Amino acid sequence: MYWGIRMSVPFSAATNAYASATNLVDQGSKPAMGMPTNGVGAGPDFGSLVADSIGSVIEAGNNSDQKAMELVNGKADVVDVVTAISETEIAMETMVTIRDRVISAYEEIMRMPI
């Protein structure tokens, strides 16, 4: 029985996107050269929060890819695949919304008179 599952992004393109995002996370988690690392702030810094968020989006994407491949091989239920894809979509939409708000805040700060 054919379920007519249609992915908007091929698996190879999704894999490349996840690999690129992983590289960005790895680069963002390293302290910048010349930056003090004396632990001035008590909580986690913004960069680590962003890296953690990107990591969770990547993990959700990998999970949905794995579930889709299991469905193709006849080892997964359609409901599990749809749920995994929906979770990935929500995670991506959340990340894009946060990105848009950060950019908006930056642009507003740049418009402020000195």
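With a point put 7 Å past each Cα toward its Cβ, work out how far Asn63 is from Thr97 in nm, to one decimal.
Distance between the two pseudo-spin positions: 1.8 nm.
Give, as a single signed number, the net charge of other residues whose beta carbon lies under 15 Å from the beta carbon of Thr94, with Lys and Arg counted +1 and Asp and Glu -1.
Net charge around Thr94: -4.
Please report the net charge: other residues with Cβ closer than 15 Å to the Cβ of Lys75, K and R +1, D and E -1.
Net of charged neighbours comes to -3.
If you plug each phi of region 70-77 into the Karplus form 6.51 cos²θ - 1.76 cosθ + 1.60 with θ = phi - 60°, what whole-Hz ³J(HN,Hα) values come out, in order, with x for Gly and Pro?
My calculation for region 70-77 gives 5, 5, 4, 7, x, 10, 10, 8 Hz in order.
Is the shape of region 50-114 rounded, prolate or oblate, going by the alpha carbon gyration tensor and its root eigenvalues a ≥ b ≥ c, with a/c under 1.5 for rounded and a/b larger than b/c for prolate?
prolate
5 Å is the cut-off here: which amide hydrogens, built 1.01 Å from N in the peptide plane, fall below it relative to Ala76, excluding neighbours closer than 5 in sequence?
The answer is Leu71.
Using the Karplus equation 6.51 cos²θ - 1.76 cosθ + 1.60 (θ = phi - 60°), what ³J(HN,Hα) coupling, rounded to whole Hz, does each residue of region 97-114 give in order, writing x for Gly and Pro?
So the Karplus estimates, Gly and Pro as x, are 5, 5, 4, 4, 6, 5, 5, 4, 5, 4, 4, 5, 4, 5, 7, 5, x, 7 Hz.
What does the charge count near Gln66 come to, summing +1 for each Lys or Arg and -1 for each Asp or Glu among other residues with Cβ under 14 Å from its Cβ?
My count for the surroundings of Gln66 gives -4.
Quick note: the coordinates plus some simple rules give every number you see, no bench work behind them. Note that this is a predicted model, so its numbers are computed, not measured. No Cβ is skipped: glycine too gets one built from the backbone with ideal geometry, and neighbour counts run over all protein chains shown.
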